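K.L.:
What follows is a single structure, and I will ask about it in a moment.
The values are calculated or read from the model by the stated rules, or taken from the named source; none is laboratory data. None of the values given here were measured: they were computed from a predicted structure. Here Cβ is always computed from backbone atoms with ideal geometry, including for glycine, and neighbour counts include all displayed protein chains. The area values use the complete protein model at the heavy-atom level, side chains included, leaving out ligands, DNA and RNA. Shrake-Rupley method; radii C 1.70, N 1.55, O 1.52, S 1.80 Å.
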Amino acid sequence: MTARDTILGRVRQGVGKDDFAQRKAAAQGLLAARSRGPQPVLSGGLVDRFRVKAESLSSTVEAVPDLRAAPAAVARYVAAQHLPPEIVMTPDVASLEWAASGVRGVARAAHDVDRVGVTACFCAVAETGTLMLLSGPDSPATVSLLPETHIALVDTACIVATMEDAFALLRAERGEIPRAINFISGPSRTGDIEQTIVLGAHGPCRVHLILIGAPS
Amino acid sequence: MTAAAKHSQAMHFQARAGEKVRNPVLQRALQKAKPLFVGKRAKGMAALADDALDFETLRTACEAIRNRTLADLDVWLDIFEERAKATGAEVLWARDGEEVGRLVVEIARRHGVTKATKSKSMLSEEAHLNEALAEAGIRPVETDLGEYIVQLAGEAPSHIIAPAVHKTIEEVEALFAREHGRPIETRTSADIPDMTREAREVLRQHFLTAEMGISGANFLIAETGTAALVTNEGNGRMVTTLPKVHVVVTGIEKIVPTFEDFATLMRMLPRSATGQSISNYVSLLTGTKREGDHDGPEKTVFILVDNGRAGLLGSPYQDMLRCIRCGACMNHCPVYFSLGGHAYGWVYPGPMGSVLTPLYTGIENALDLPHASTGCNQCGSVCPVRIPLPRLMHRLREEQVERGLRPWSERLALKAWAWLAGRPALYRWMTRRAVRYLNWLADDDGRIRILGMAPGWTAGRDLPVASGRTFNELYKARKRA
Ligand code: SF4
């Protein structure tokens, strides 16, 4: 008997029911229903909530009026952090006017030597101050992972209340889910040496958010 | 003897416990950690009120999700397998730890793997996967900082979410100096960022060069055949993004039906573990690298492991399968914080380990663990999926008695007591004598410093003396009044 058959046999015995086909149909019904658990009630506006939470997770935030202002904001941040004005970016933000901002950008997957990675995000979750990034040809996952500094452009129109809302948006806008959905909440951290929290364990040690379309 | 039992040291619990209590370095590390764990969780749970949520409501929902899955686990496994395969992933099954090792080595050989980076997986500890890989000439590199530290020390993790909680900064420094080929320096907590940086740089090179990434899964989502991975360090993302092969090793009980169910559980898992409202990285991984993708594995394999889990279904211990491995039970356990995790002798420490170790390695191979409890139910009251841990430990003790596994002295004592309890007059007379005797042993402060017939019991503590009269005497006096 294969391992599969042995294990599933044991599981079926433990479950103690037969009517497999009927139960499978019921399970599929449950999947289709997508019912939600207890939902949080967020007080105040989504943008404010997102911002407060993101900052509490050690991200920094700058608000700009529109997308055209983003490259200059990136340039300002990079200069303020004394980082080289060279960025790797996801192709989905490559069409912005980078040349005039003074940063030199290249759109591709990130390499180990890249110091600054700039990405967009599919949406953001206000409840926890979290970014939702989808992997894809226009948004390689490495750009938000390998460089020490991750700058994300967050359109305020794409801020939803909860993770459940983010999933609903994903289903509505994309037919198929991507290989990787990455929820990012601030810089990478560890507390494994004497429970002392250190930022920048394996991923970025700085996460800077440029909020687009918010009053600053 | 099961494969798991071979590696278990749980039978030596008492001896190991004694050692641990007398180890000042360990005690220092533990005393430092406990208030942090407890305080952070309490704060995280309290903050739920800001969003009109609360712990009890959420844990009822989490308990229901886990129960619903377990009640039809055969169906959910079938759906998961079907949908994971449809995304291009391979789904394999392993009856026990040895089979996990065989399968992973086989996959590694097929893809010419010489090095595998690993994100924390307790199941890989159950399976002794690192040993199996090393024997096959494949280098396993643990990449969670805590796991990296215990791997350098040649030890096992002592906590399921903070594997190196038992290590002091001096011990970590000595390990890093040795592994990274530099002299030992004097370190204070101000140096922890530098030490973390040093490990980051070493491990980054491993991430970039390993051909295989091995991870666990915090959950498997049936709806889409997806693995959910929750980490703070980002190592989970590294091992599932950079290598060309990704192997997910996880237990068959880890399934949840939908993304919505996952979202509900995520309100509880990080809060219960570290008090965080969310972990830094939550990755939902489905299938392999798609057309046009720049990164991601070309090959994704799920290994769904039984190793004793199926046997718990339909048993008095089924509730234990709800466990989401948050660590809250050990973080609130007075026994755990007196001994640390290694005393428990197998993969899982603390209250959940005291239940799982006997169940997965054989009740007869871990006789002390279900007794390693004060019965305070702190664990049960913080468990985010409402597992009645003390009741399960109690049930295991009953089973030890039913199967005649208790020592002869205890069995004899219980028989004697039963005989006595069946003779009320004699019982009253005896207990009266016993209470007077205890009173006579006590000093002026009402404390017994050396218990006559069981001096070991008072070796490290005093026994407060009883009132001087038996319950029967008090009851009678009260009825008269
Ligand atoms: S038994 Fe409960 S508290 Fe303990 S690790 Fe499992 S889920 Fe967490």
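K.L.:
Scan region B:461-472 residue by residue and report those that are open to solvent by less than 80 Å² (accessible area, probe 1.4 Å) and within 21 Å of B:Val21 (Cβ to Cβ).
P.N.:
Matches in region B:461-472: B:Asp462, B:Leu463.
K.L.:
Right, something else. Having 3 or more residues that are at pLDDT 95 or above and under 12 Å from the mean Cα position of the chain (by Cα) is the bar; report the strands (runs of 3 or more DSSP E) wholly within region A:127-216 that clear it.
P.N.:
A:130-134, A:149-155, A:180-184
K.L.:
Could I ask something else about it? Checking B:Leu123 against (1) among the aliphatic types (A, V, I, L, M); (2) farther than 24 Å from B:Ala273 by Cβ; (3) not in a loop (DSSP other than H, G, I, E, B), which test does it fail?
P.N.:
The failed condition is (2).
K.L.:
Identify, please: which residue in region B:315-329 is within 7 Å of the ligand (Cβ to nearest atom) and not charged (D, E, K, R) and is, among those, farthest from B:Ile221 (Cα to Cα)?
P.N.:
B:Cys329
K.L.:
Could I ask something else about it? Does A:Val11 qualify as being under 28 Å from B:Arg59 (Cα atoms), open to solvent by 70 Å² or more (accessible area, probe 1.4 Å) and in a helix (DSSP H, G or I)?
P.N.:
When the stated conditions are applied, A:Val11 does not pass them.
K.L.:
With respect to the numbered conditions (1) facing chain B (nearest Cβ under 9 Å); (2) in a helix (DSSP H, G or I), which one is the sole condition not fulfilled by A:Gly37?
P.N.:
Going through the list (1) facing chain B (nearest Cβ under 9 Å); (2) in a helix (DSSP H, G or I), A:Gly37 breaks only (2).
K.L.:
Also, I was wondering about something else. Would you kindly identify the helices (runs of 4 or more DSSP H) lying entirely within region B:203-301 that contain at least 1 residues that are buried (at least 22 other Cβ atoms within 10 Å of the Cβ) and within 16 Å of the ligand (Cβ to nearest atom)?
P.N.:
Values: elements: B:235-241, B:259-266, B:269-274.
Per the criteria, B:259-266, B:269-274.
K.L.:
Let me ask another. Any residue at all in region B:359-367 that's more than 10 Å from the ligand (Cβ to nearest atom), within 14 Å of the chain's Cα centre (by Cα) and in a helix (DSSP H, G or I)?
P.N.:
yes
K.L.:
Given the criterion more than 22 Å from B:Ile214 (Cβ to Cβ), of a type in the set (Gly, Ala, Ser), more than 14 Å from every other protein chain (Cβ to nearest Cβ) and open to solvent by less than 10 Å² (accessible area, probe 1.4 Å), identify the matching residue among B:Ala310, B:Ala328.
P.N.:
Just a single option satisfies the conditions, and that option is B:Ala328.
K.L.:
Check region B:313-323 and report whether any residue there is surrounded by fewer than 23 Cβ atoms within 10 Å (Cβ to Cβ), farther than 23 Å from B:Glu398 by Cβ and basic (Lys, Arg).
P.N.:
Within region B:313-323, not a single residue is surrounded by fewer than 23 Cβ atoms within 10 Å (Cβ to Cβ), farther than 23 Å from B:Glu398 by Cβ and basic (Lys, Arg).
K.L.:
May I ask you to list pairs of residues, at least six apart or on different chains, whose Cβ atoms are under 6 Å apart, with the first in region B:372-391 being within 14 Å of another protein chain (Cβ to nearest Cβ) and more than 19 Å from B:Pro316 (Cα to Cα) and the second being within 12 Å of the ligand (Cβ to nearest atom) and of a type in the set (S, T, N, Q)?
P.N.:
Listed pairs, sorted by first residue: B:Pro384/B:Ser272.
K.L.:
Another question about this same structure. Kindly indicate whether any position in region A:140-149 is farther than 18 Å from B:Met238 by Cα and more than 11 Å from chain B (Cβ to nearest Cβ).
P.N.:
Start the filter on region A:140-149 by keeping residues that are farther than 18 Å from B:Met238 by Cα, which leaves none.
No, region A:140-149 contains no residue that is farther than 18 Å from B:Met238 by Cα and more than 11 Å from chain B (Cβ to nearest Cβ).
K.L.:
Still on this structure, I have one more. Yes or no: A:Gln13 within 10 Å of chain B (Cβ to nearest Cβ) and among the polar types (S, T, N, Q)?
P.N.:
Yes, satisfied.
K.L.:
Look at region B:334-354 and say how many of its residues are open to solvent by 10 Å² or more (accessible area, probe 1.4 Å), within 21 Å of B:Lys32 (Cβ to Cβ) and within 14 Å of the ligand (Cβ to nearest atom).
P.N.:
Selection size over region B:334-354: 1.
K.L.:
Does region B:161-186 hold any residues that are within 16 Å of the ligand (Cβ to nearest atom) and either in contact with a Ser or Thr (Cβ under 8 Å, 6 or more places away or on another chain) or open to solvent by 20 Å² or more (accessible area, probe 1.4 Å) (or both), and which are they?
P.N.:
As a first pass, look at region B:161-186 and keep what is within 16 Å of the ligand (Cβ to nearest atom): B:161-163, B:165.
Result: B:Ile161, B:Val165.
K.L.:
Considering only residues of region A:94-112 that are in contact with a Pro (Cβ under 9 Å, 6 or more places away or on another chain) and aliphatic (A, V, I, L, M), which is farthest from A:Ser139 (Cα to Cα)?
P.N.:
Checking each candidate, the answer is A:Ala100.
K.L.:
As an exercise: evaluate B:Leu133 against (1) open to solvent by less than 10 Å² (accessible area, probe 1.4 Å); (2) closer than 19 Å to B:Trp93 by Cα; (3) under 18 Å from the mean Cα position of the chain (by Cα) and give the number of the one condition it does not meet.
P.N.:
(3)
K.L.:
From the residues in region B:147-160 that are within 11 Å of chain A (Cβ to nearest Cβ) and away from the ligand (no atom under 16 Å from the Cβ), which one is nearest to the chain's Cα centre (by Cα)? Before the answer, list the steps.
P.N.:
Quick first cut of region B:147-160, residues within 11 Å of chain A (Cβ to nearest Cβ) only: B:147-150, B:157, B:159.
If we keep only those that are away from the ligand (no atom under 16 Å from the Cβ) as well, we get B:147-150.
Numbers: B:Glu147: 14, B:Tyr148: 18, B:Ile149: 18, B:Val150: 16 Å.
Top of the filtered list is B:Glu147.
K.L.:
Then there's this: Evaluate region A:100-110: report whether one residue or more is modelled with pLDDT of 95 or more, part of a loop (DSSP other than H, G, I, E, B) and touching an Asp or Glu at 6+ places or on another chain (Cβ under 6 Å).
P.N.:
Yes, region A:100-110 contains at least one residue that is modelled with pLDDT of 95 or more, part of a loop (DSSP other than H, G, I, E, B) and touching an Asp or Glu at 6+ places or on another chain (Cβ under 6 Å).
K.L.:
List the pairs whose first member sits in region B:50-62 and is touching a residue at least 24 places away in the same chain (Cβ under 8 Å), whose second member is open to solvent by less than 30 Å² (accessible area, probe 1.4 Å) and of a type in the set (S, T, N, Q), and whose Cβ atoms are under 6 Å apart, counting only residues at least 6 apart or on separate chains?
P.N.:
Correct list of pairs: B:Ala61/B:Thr264.
K.L.:
Still on this model: Quick one: would you say B:Ala94 is over 23 Å from B:Cys329 (Cα atoms), in contact with a Gly (Cβ under 7 Å, 6 or more places away or on another chain) and touching a residue at least 40 places away in the same chain (Cβ under 8 Å)?
P.N.:
No; evaluated as a whole, the condition is false for this residue.
K.L.:
Just the residues that are open to solvent by 20 Å² or more (accessible area, probe 1.4 Å), assigned to a helix (DSSP H, G or I) and farther than 17 Å from B:His159 by Cα, please, taken from region B:22-44.
P.N.:
B:Pro24, B:Gly39, B:Ala42, B:Lys43
K.L.:
Looking only at region B:416-447, filter to residues that are open to solvent by 60 Å² or more (accessible area, probe 1.4 Å) and assigned to a loop (DSSP other than H, G, I, E, B); which one of those is nearest to B:Leu463 (Cα to Cα)?
P.N.:
B:Asp445
K.L.:
Would you confirm, using the coordinates I've provided, whether A:Arg51 is at the interface with chain B (Cβ under 9 Å from one of its Cβ atoms) and either touching a Cys at 6+ places or on another chain (Cβ under 9 Å) or open to solvent by 60 Å² or more (accessible area, probe 1.4 Å) (or both)?
P.N.:
no
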